[in-house]
Amino acid sequence: MSADVVIHFQQLSRFANRLPARSTMIRWMREASERGAEITVRFVDEEEGRMLNSTYRHRDYATNVLTFDYAREPVVMADIALCIPVLEREAREQNKTLREHLAHLLIHGVLHAHGYDHLNEEEAEVMEARETEIMQKLGFPNPYSDRIGMVHD
């Protein structure tokens, strides 16, 4: 964990009644940061989530998380978009709390910003092991224990 991690939130107030405290989310993200970082998290609805995924990934649906990484050295600079309605639906489908699923996807996004990926089986194993380690350190279960509803960013 790096102490010089700056995290900004956009549209937090729009979903505040459904999300944990800002300080809690910052703690989760800092735990996943391996070096200095400046990350902006934008909470979006399905319409904006679909537009972002369509524009940048050419996929016509709202996905759970999108990470836009701009720099990894000397500090990580990235934007993370989280689609709250998709997270809520996935959490229900996976029999998880929104808090647990949100923690996982914030960590997932931070790791992407640090250069982790899951484009092939070897990369996926490394990234998933790191996610699981961080989640368990924070007191959450292994997010991949059921393998249902995988992160599909």
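The values are calculated or read from the model by the stated rules, or taken from the named source; none is laboratory data. This one's a predicted model, so the numbers in the text were calculated from it and none came from an experiment. Heads up, the Cβs are rebuilt from the backbone with ideal geometry, glycines too, and the neighbour counts pull from every protein chain shown.
Mind checking which residues of the stretch 108-132 are part of a helix (DSSP H, G or I) and surrounded by 17 or more Cβ atoms within 10 Å (Cβ to Cβ)?
Initial filter on the stretch 108-132 (part of a helix (DSSP H, G or I)): 108-113, 121-132.
Across the stretch 108-132, the qualifying residues are His108, Gly109, Val110, Leu111, His112, Ala113, Met127, Glu128, Arg130, Glu131, Thr132.
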Subset of the stretch 1-35 that is hydroxyl-bearing (Ser, Thr, Tyr) and either modelled with pLDDT of 95 or more or part of a loop (DSSP other than H, G, I, E, B) (or both) - its residue that is farthest from the chain's Cα centre (by Cα): Ser2
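Is there a residue in the stretch 42-63 that is among the aromatic types (Phe, Trp, Tyr) and assigned to a helix (DSSP H, G or I)? Spell out the reasoning first.
Of the residues in the stretch 42-63, the ones among the aromatic types (Phe, Trp, Tyr) are 43, 56, 61.
Then drop every residue that is not assigned to a helix (DSSP H, G or I), which leaves 56.
Looking through the stretch 42-63, at least one residue is among the aromatic types (Phe, Trp, Tyr) and assigned to a helix (DSSP H, G or I).
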For the stretch 28-48, name all the residues that are within 13 Å of Cys83 (Cβ to Cβ) and out of contact with any Leu (no Cβ under 8 Å at 6 or more places or on another chain). Asp45, Glu46, Glu47, Glu48
For the stretch 36-61, which positions are over 13 Å from the mean Cα position of the chain (by Cα), free of Cβ contacts under 8 Å to residues at least 60 places away in the same chain and within 21 Å of Asp117 (Cβ to Cβ)? Gly36, Glu38, Gly49, Leu52, Asn53, Thr55, Tyr56, Arg57, His58, Arg59, Tyr61
From the options Ala91, Ala78, residue that is of a type outside the set (Lys, Arg), surrounded by 14 or more Cβ atoms within 10 Å (Cβ to Cβ) and over 18 Å from Ser33 (Cα atoms): Ala91
